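Read the figures in this text as sums done on the coordinates, not as results from a lab. Predicted, not measured: the structure shown is a model, and the values here were computed from it. Reconstructed Cβ throughout: ideal geometry from the backbone, glycine too, with neighbour counts over all protein chains shown.
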Amino acid sequence: LFDPDPSDFPGSGPRFGGPAATHRGRDSEVMRLVEAAVSDPPPSDGGRPSAVRCVLLSGAAGSGKSSLVRRAADALSADGGWMTSTVKFRRGADHGSLGLVYSLFDGLVSSAADDAAGFAGDDAGYGLRASDAVSRTLDGESGRILSEALPSLPRLCPALATGGGPRRAGEASTSRLTFLLARLVAAILSSDGRGALLVADDIQWCEGGALA
């Protein structure tokens, strides 16, 4: 249930669940999502500990899946200092699924860059540590490849996107980009032991190749 904000009543009729709405109930479902995020993930196929957990939230259209995830994301951000990033895929939209996948990771980089610039107050120290960790993890070529896919990376680490030849993200293989993205995220999060929540909303409309 929602307590709608007045702005949720346009001339065409009520629209529940907007950004300003107050969400009521379903606390147990929110808690299950939060617990799934903070609990230890199962081992990987090789038996090694994993640092990643994937949760699939399914349900009928309009059942409140997106708002449920927003509440869980708010709780993780407020209580645990988690970084969150969300993208939404749309049916039949000419959005380029791979670009949205990159945007998902760019949201994390942008948040860390804002912290480093002092936009988030007490988190400025974290942002600077994240910037230093990324600079130590990626070399110049890797930085230039990722900077083409992630526009916020030069704000976090300006030196990574300059000098040393042209950018080559378009020439890099998917496996190479996946490897670099994993190293980038690990560096950002390891600088302060934070968690990250990446939300792909309506993922059924994502092109299969973008998820490979």
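Order 199-207, 141-149 from most to least packed using the mean count of other Cβ atoms within 10 Å.
On the way: 199-207: 15.9, 141-149: 21.7.
Result, highest mean first: 141-149, 199-207.
If you plug each phi of the range 74-83 into the Karplus form 6.51 cos²θ - 1.76 cosθ + 1.60 with θ = phi - 60°, what whole-Hz ³J(HN,Hα) values come out, in order, with x for Gly and Pro?
Running phi through 6.51 cos²θ - 1.76 cosθ + 1.60 with θ = phi - 60° gives 4, 5, 5, 5, 6, 9, x, x, 5, 8 Hz.
What is the calculated FRET efficiency for Asp74 to Cys54, with r their C-beta to C-beta distance and R₀ = 22 Å, to the nearest 0.05?
In this case the efficiency is close to 0.60.
Along the range 111-117, what does the Karplus equation 6.51 cos²θ - 1.76 cosθ + 1.60 (θ = phi - 60°) give for ³J(HN,Hα), rounded to whole Hz, x for Gly and Pro?
5, 5, 5, 4, 4, 4, 7
Taking amide H positions as placed in the peptide plane 1.01 Å from N, state which residues far from Thr86 in sequence (5 or more) or on other chains have amide H under 5 Å from it.
Amide H neighbours of Thr86, under 5 Å, 5+ apart: Val199.
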